[in-house]
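Structure, as structure tokens:
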Amino acid sequence: MKLTNVKPADGKLGIMVVGCGAVATTFMTGVLMARKGLAKPVGSMTQYDKIRVGKGNDKKYLHYSEIVPLTKLDDIIFGTWDIYPQNAYQSAIYAEVLKEKDINPVREELEKIVPMKAAFDHNYAKRLDGDNVKDCKNRWEMVEAIRKDIQDFKTKNNCSRIVVIWAASTEIYVPEYEPVHGTLTSLEKAMKDDDREHVAPSMCYAYAALSEGSPFIMGAPNTTVDIPAMWELAEKTKMPIAGKDFKTGQTLVKSGFAPIIGTRCLGLNGWFSTNILGNRDGLVLDEPANFRTKEVSKLSTLETILKSDDQPDLYGNVYHKVRINYYPPRNDNKEGWDNIDIFGWMGYPMQIKINFLCRDSILAAPLLLDLTLLSDLAARAGRFGIQRFLSFFLKSPMHDYTKGEEAVNNLFEQYTILKNAIREMGGYEADQEVD
């Protein structure tokens with residue numbers, strides 16, 4: 001490996017997951033099974049993908065861990081918060097994502113992962129009602145309680161480093177509000193004044209994690225770290241942040257397929273996306289205020305790939321609709337339908353239909369592994385603030401909208417950014433060559 005300033009991945013990495021539901025337990029079970037050699041971490045870029053480094057005679061294709069020092073699966077220790085007290089084994093069985101035979105070999109380890117009391121506000125997820133909840137008088141007390149949880153977990157498990165990742169439900173939509181979210185000082189004041197309208201519980205987790213020197217990743221579409229106040233805190237603490245919303249099924253398809261239309265200079269009249277799912281995520285999103293958060297995240301993808309300003313003839317009048325329907329019989333087996341109305345030469349219409357029968361948590365689990373390992377890597381490389389190279393894994397990538405920056409949603413551009421960040425951290429030159 002070339003000379004690099006990245007600190008080694010020595011010691012244990014604590015991955016603390018907010019939420020111990022279907023996604024979190026599928027992730028934990030898969031990692032525990034993989035390190036026993038009983039399952040394969042399929043879908044994980046950090047475990048499977050290879051990147052070309054060098055050119056010509058010096059060209060070689062290497063796994064990420066051969067380019068940069070990544071934490072080994074054996075060195076991961078899991079912690080979690082949840083409003084329900086069931087341990088990770090009970091929760092995994094209840095979620096019905098994995099078969100019992102694929103959970104039982106690591107039952108003992110999963111049973112030891114018992115959720116800490118969650119910092120929760122029922123008004124932010126009205127469809128959920130658990131009793132494993134912290135008794136905090138205000139938002140600032142929430143922050144302090146979470147900070148203590150992180151400190152205690154780190155000490156008890158002898159962890160060198162901690163990464164905190166949100167895999168809990170989608171909160172109600174919180175519009176960016178400059179008087180509170182504009183600066184770190186105003187956010188802290190709002191927390192101490194218990195401004196529950198503008199300070200979501202997820203913001204308390206993010207604030208606590210960053211204050212404890214831990215990267216924070218937002219895996220739902222919540223307004224959390226994508227505000228100037230949090231960027232200020234990430235800069236102050238020199239910690240990486242990433243978000244938002246895991247890019248699993250329909251949006252993954254959209255971010256990969258829309259570039260085909262754009263590259264081929266075909267026109268688009270409309271894109272109708274609808275989903276049916278029946279897990280706890282579907283239940284929460286059945287509430288209009290929570291769906292609004294998800295809708296904003298899912299709608300942003302198309303507009304940044306097929307730009308009406310750049311090609312008014314082709315994308316000047318696109319009708320884009322996104323729907324999520326709660327349908328309990330499907331549980332975690334989500335179905336995404338896309339109806340795409342395109343037009344070609346002389347304006348003649350054509351249609352594309354995509355039906356993706358996916359498993360939500362099976363697609364999400366490897367994203368949690370990649371995002372946590374790469375955020376830990378970024379911290380050891382001295383990278384802080386918004387980690388744009390992680391956009392590949394996210395539905396609504398964070399960007400500095402205060403400076404007119406636009407998110408990159410094109411999957412292939414995102415992949416180039418990801419590869420170049422790994423190359424740079426490994427001491428290799430970035431390049432744009434397609435391979």
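The values are calculated or read from the model by the stated rules, or taken from the named source; none is laboratory data. It should be emphasised that the depicted structure is a prediction, and the values quoted were computed from it without experimental measurement. In this analysis, Cβ positions are derived from the backbone assuming ideal geometry, glycine residues included, and neighbour counts consider all displayed protein chains. Just so you know, the surface numbers come from the protein's heavy atoms only, side chains and all, with ligands and any DNA or RNA stripped out. Shrake-Rupley method; radii C 1.70, N 1.55, O 1.52, S 1.80 Å.
With a requirement of 2 or more residues that are open to solvent by less than 80 Å² (accessible area, probe 1.4 Å) and over 30 Å from ALA200 (Cα atoms), the strands (runs of 3 or more DSSP E) lying completely within the stretch 280-364 that satisfy it span 335-343, 349-357. The set of residues from the stretch 39-63 being open to solvent by 30 Å² or more (accessible area, probe 1.4 Å), under 27 Å from the mean Cα position of the chain (by Cα) and polar (S, T, N, Q) comprises just one member, GLN47. Counting only helices (runs of 4 or more DSSP H) wholly contained in the stretch 80-182, the ones carrying 2 or more residues that are under 30 Å from MET398 (Cβ atoms) and open to solvent by less than 70 Å² (accessible area, probe 1.4 Å) occupy 88-95, 139-156, 178-181.
Mind checking whether some residue in the stretch 118-130 is in contact with a Phe, Trp or Tyr (Cβ under 9 Å, 6 or more places away or on another chain) and of a type in the set (Lys, Arg)? Scanning the stretch 118-130 turns up no residue that is in contact with a Phe, Trp or Tyr (Cβ under 9 Å, 6 or more places away or on another chain) and of a type in the set (Lys, Arg). Considering every residue within the stretch 417-431, establish whether at least one is in a loop (DSSP other than H, G, I, E, B), open to solvent by 70 Å² or more (accessible area, probe 1.4 Å), closer than 20 Å to ASN5 by Cα and not small (Gly, Ala, Ser). Within the stretch 417-431 (the criterion being in a loop (DSSP other than H, G, I, E, B), open to solvent by 70 Å² or more (accessible area, probe 1.4 Å), closer than 20 Å to ASN5 by Cα and not small (Gly, Ala, Ser)), the answer is yes, since at least one residue qualifies.
Within the stretch 196-210, track down each residue that is open to solvent by 20 Å² or more (accessible area, probe 1.4 Å) and closer than 16 Å to ILE227 by Cα. First the steps, then the outcome.
First, the residues of the stretch 196-210 that are open to solvent by 20 Å² or more (accessible area, probe 1.4 Å): 196-198.
The answer is GLU197, HIS198.
A Cβ distance below 7 Å, combined with a sequence gap of six or more or placement on separate chains, defines the contacts here; from the stretch 172-193, residues that are among the hydroxyl-bearing types (Ser, Thr, Tyr) reach residues that are modelled with pLDDT under 95 in the pairs TYR173/ALA289; TYR173/ARG292; TYR173/THR293; TYR173/VAL296. Only residues that are hydroxyl-bearing (Ser, Thr, Tyr) and at pLDDT below 95 were counted in the stretch 392-416, giving 3.
Quick grid of which residues meet (1) over 26 Å from LEU13 (Cα atoms); (2) within 24 Å of the chain's Cα centre (by Cα); (3) β-branched (Val, Ile, Thr):
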| position | (1), (2), (3) |
| --- | --- |
| HIS122 | yes, yes, no |
| ARG127 | yes, yes, no |
| GLY130 | yes, yes, no |
| TRP140 | yes, no, no |
| LYS156 | no, no, no |
| ILE162 | no, yes, yes |
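For every residue, the table says whether it meets (1) of a type in the set (Ser, Thr, Tyr); (2) within 13 Å of the chain's Cα centre (by Cα).
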position	(1), (2)
ALA206	no, no
MET218	no, yes
THR224	yes, yes
ALA229	no, no
MET239	no, no
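Residues that are in a loop (DSSP other than H, G, I, E, B), in contact with a helix residue (DSSP H, G or I) (Cβ under 7 Å, 6 or more places away or on another chain) and charged (D, E, K, R) within the stretch 207-233 comprise just one, GLU212. When the stretch 12-31 is filtered for residues that are farther than 15 Å from THR372 by Cβ and open to solvent by 20 Å² or more (accessible area, probe 1.4 Å), only ALA22 remains.
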